[in-house]
Amino acid sequence: MPGDDGLCGPAVLAMLLAHAGALAPLAELVGAVYLPGRAGSLQAEMLAALRRRQQLAVPVDGGWPALRDELAAGLPVAALVNLALPLWPRWHYLVVTAIDPSRGAVRVHSGQVANAWWSTATFESVWARSGRWAFVAPRTGVLPASVDEAAGLRALLALDHSAGSGPAALWWPAAARRWPASLTAHVGAAQALEATGDTTAAIALLRDAARRLDRAVLWNNLGVLLLARGDLAGAEQALARALAIAEATEPDWLLAVRGSIADLAARRSR
């Protein structure tokens, strides 16, 4: 909203959501994140507002290299800057859409100005005052280029907590592909596929991950899905492996695995 510095937060959210293909009325976003007492929007509320709208929101750590990676991947980056002095801050959100090294400039959009080119030095000066805080809202099923495993999983779990498993299901399979050694990513991806009704894909994902990672939770969850499908022999094999691992090295999973084995026995006794 031109000329209204305090509403830069909602304006930036509207831009990110539009790019992600999830339009939202600006008035609704103002009500969600604008705090009149502070004449602005808090960082945590900016991320939470996206998640409440079933959109993955990921803080971007890594400064300039991460910013360049996201822009190269075609993802606009929201950044928090301080346009005044550290002791008397004037916080402002804007969206960075391009870097032109030949000009030594970055292209920014905000509630005040669209398609403005700032010198790299100017942007760095005001961005550094926020600790170079930035975030992105990627399109459905796409993970940010620069995000590492820990940050990516935190963002997915936060979306799960805020909006339920349905929206996060759109991103968990991408996490399993990005981090093939991640136990959490594979458990989340399998649960997401099952929640969307694609049990066949969930079983295939768990079978592959269980064979590679050989963890009790993966074998247990595979056994549970096979049991639900009526594959009692397959469930027995998976749960036997889960029990062996739990007894040997993962005792925290013993109760869950034994419960699954009891369910299998009950099914057979019918």
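The values are calculated or read from the model by the stated rules, or taken from the named source; none is laboratory data. Since this is a predicted model, take the numbers as computed values, not measurements. Cβ atoms come from the backbone with ideal geometry, glycine included; neighbour counts cover every protein chain shown. Please note that ligands, DNA and RNA were not included when accessible areas were found on the heavy atoms of the full protein model with its side chains. Shrake-Rupley method; radii C 1.70, N 1.55, O 1.52, S 1.80 Å.
Looking at the structure I just gave you, is ALA210 modelled with pLDDT of 95 or more and within 25 Å of the chain's Cα centre (by Cα)? Yes. Within segment 90-105, residues that are closer than 21 Å to TRP133 by Cβ have Cβ atoms under 8 Å from residues that are among the acidic types (Asp, Glu) in these pairs: ARG90/ASP5; HIS92/ASP5, counting only partners at least 6 apart in sequence or on another chain.
Among the residues here, ALA210 qualifies as over 24 Å from GLN55 (Cβ atoms) and buried (at least 23 other Cβ atoms within 10 Å of the Cβ). Reported count of residues in segment 136-150, each being open to solvent by less than 20 Å² (accessible area, probe 1.4 Å) and not aliphatic (A, V, I, L, M), is 2.
This table checks each residue for (1) touching a helix residue (DSSP H, G or I) at 6+ places or on another chain (Cβ under 8 Å); (2) open to solvent by less than 60 Å² (accessible area, probe 1.4 Å); (3) of a type outside the set (S, T, N, Q).
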residue	(1), (2), (3)
ASN221	yes, yes, no
ALA242	yes, yes, yes
ALA248	no, no, yes
ASP263	yes, no, yes
ARG270	no, no, yes
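All of TRP127, TRP171 fail the test of being within 30 Å of ALA202 (Cα to Cα) and aromatic (Phe, Trp, Tyr), apart from TRP171.
Based on what the data block shows, is GLU194 part of a helix (DSSP H, G or I), more than 28 Å from LEU170 (Cβ to Cβ) and acidic (Asp, Glu)?
no
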